[in-house]
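The values are calculated or read from the model by the stated rules, or taken from the named source; none is laboratory data. Note that this is a predicted model, so its numbers are computed, not measured. Heads up, the Cβs are rebuilt from the backbone with ideal geometry, glycines too, and the neighbour counts pull from every protein chain shown. SASA here: full protein model, heavy atoms, side chains in, ligands and nucleic acids out. Shrake-Rupley method; radii C 1.70, N 1.55, O 1.52, S 1.80 Å.
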Amino acid sequence: MSVDNNNNKEEEEEEGEEGEDSNKAEDKEHEEKLRKGQLTINRVAADVSSVRTQLQQLQATVESPNVADRKGLQREVERLQHASLGYTEMLMRDLLALDEVTGADELRPLRKTTVKEVQSLLDDVDGLRGRLADIHKSVLADLKEEEEKEKQRKEAEAEEEEAKQKQKEEEEDAAAAADDDDEPVEEDLDEESVDSVDWSTLKLDPEFHIAQSADAYTLTSYLPHLNEDDVSIELASDSELRVSGVVLPSREQAAQLWHTASMMKQRDARFASASVTDLALRGAAKRFGRFSSRFALPSDAIADDISGNLRRGYLRVRIPRRRVAPRYAPAFPQRQFRPPGLFW
């Protein structure tokens, strides 16, 4: 009986020691979780403080960007977008780290507060990113408008230079013809004879240059002697545009053509049998006459809004395009292609 009591006592002592060891291990594990959780919360709190400070600096930069031109503003906005994306990624990692802080009831209130701070800061960063996206879109639109204006300015300068060159050539031709007028002409240059010429019987085939942009097609032709009242732009059908008109010489030009034709008939035996009218029409070929050009309208053309203008001898016809949303956003600017079948 005494031996049994001793054995029971020893077993109870062993069980007590095992229970004490188990409690110590649990306490140690809890302390380790508490330590790691506290370190995680402290690190996230430091990230929140740092991002908040940098976010305030970004917002100040957005309000007053220190750049001198649109290109510089574009680069600055893209830099800020990259920085704000980095803050978003950092705060998302911090949220995931806080989710792993478990098993420490003492840290639960502090963890909950830190999570709210991170989520609030994420909302602020998202708001800034949205504003930066709007600014970036506006800057790109302004840059495109500036590029278009610069392009139009250069085209206008080139057209003006070309017009001056053509005018110079015409003046030189007129001067050369005047130099030949050193003998009296047997045939009087009366207005009735000049006015009897029907210049519209000539066929003129002007060359149209076709260009396209994101919002319109443009047809351009150089017709230096064309009057605005003598040109017609109309729809031949729902899918066909007709540009027609007649280019007539001025009174001075007609008189010069008639005079030159009379001189040719008098001085050159090869033209002795020809009439002055026929010779004058020959001299006016490819400069004066009636023309009619047809264009097949592309499927995205807005036929009701077609317009035209004549300036400094350049006839321009603008065909607006419908905007079609792209199926995907290209990574790089796409080349512009001339639509097939636009010009007949």
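Among the listed residues Ser64, Ser84, Ser120, which satisfies the condition of being modelled with pLDDT of 85 or more, out of contact with any Phe, Trp or Tyr (no Cβ under 7 Å at 6 or more places or on another chain), open to solvent by less than 90 Å² (accessible area, probe 1.4 Å) and of a type in the set (S, T, N, Q)?
Ser120
Pick from the stretch 93-117 the residues that are in contact with a Gly (Cβ under 6 Å, 6 or more places away or on another chain) and outside any helix (DSSP H, G or I): which of them is modelled with the highest pLDDT?
So, considering only residues that are in contact with a Gly (Cβ under 6 Å, 6 or more places away or on another chain) and outside any helix (DSSP H, G or I), the one modelled with the highest pLDDT is Val101.
Given the condition closer than 21 Å to Ser193 by Cβ, at pLDDT below 90 and acidic (Asp, Glu), answer yes or no: does some residue in the stretch 228-235 qualify?
No, the stretch 228-235 contains no residue that is closer than 21 Å to Ser193 by Cβ, at pLDDT below 90 and acidic (Asp, Glu).
Any idea which residue in the stretch 123-134 is nearest to Asn42 (Cα to Cα), counting only those that are touching a residue at least 12 places away in the same chain (Cβ under 8 Å) and open to solvent by 40 Å² or more (accessible area, probe 1.4 Å)?
Only one residue fits best here, namely Asp124.
Please determine whether any residue of the stretch 251-264 is under 23 Å from Gly313 (Cβ atoms) and of a type in the set (Gly, Ala, Ser).
Within the stretch 251-264, the subset under 23 Å from Gly313 (Cβ atoms) is 251-257, 260.
Adding the requirement that they be of a type in the set (Gly, Ala, Ser) leaves 254-255.
Yes; the residues of the stretch 251-264 include at least one that is under 23 Å from Gly313 (Cβ atoms) and of a type in the set (Gly, Ala, Ser).
For the stretch 206-221, check the following and say yes or no: at least one residue is of a type in the set (Phe, Trp, Tyr), closer than 30 Å to Glu157 by Cα and open to solvent by less than 80 Å² (accessible area, probe 1.4 Å).
Yes, the conditions are met somewhere in the stretch 206-221.
Residues of the stretch 66-91 being more than 11 Å from Arg129 (Cα to Cα), acidic (Asp, Glu) and either in contact with a helix residue (DSSP H, G or I) (Cβ under 9 Å, 6 or more places away or on another chain) or part of a helix (DSSP H, G or I) (or both), which ones?
Scanning the stretch 66-91 gives Glu76, Glu89.
In the stretch 209-242, what residues are closer than 24 Å to Ala285 by Cα and touching a Phe, Trp or Tyr at 6+ places or on another chain (Cβ under 7 Å)?
Passing the criteria: Leu219, Thr220, Ser221, Tyr222, His225.
Kindly evaluate Ser50 against the criterion of being at pLDDT 80 or above, hydroxyl-bearing (Ser, Thr, Tyr) and surrounded by fewer than 17 Cβ atoms within 10 Å (Cβ to Cβ).
Details: at pLDDT 80 or above: yes; hydroxyl-bearing (Ser, Thr, Tyr): yes; surrounded by fewer than 17 Cβ atoms within 10 Å (Cβ to Cβ): yes.
Answer is yes for this residue.
Do any residues in the stretch 135-150 that are at negative phi have Cβ atoms under 6 Å from those of residues that are of a type in the set (A, V, I, L, M, F, W, C) and assigned to a helix (DSSP H, G or I), where the two are at least six apart or on different chains, and which pairs are they?
Ile135/Val77; His136/Val77; Val139/Leu73
Taking the stretch 236-247 as the region of interest, how many residues are at pLDDT below 90 and of a type outside the set (D, E, K, R)?
3
Checking the structure you have, find out if any residue of the stretch 144-158 is open to solvent by less than 90 Å² (accessible area, probe 1.4 Å) and in contact with a helix residue (DSSP H, G or I) (Cβ under 6 Å, 6 or more places away or on another chain).
no
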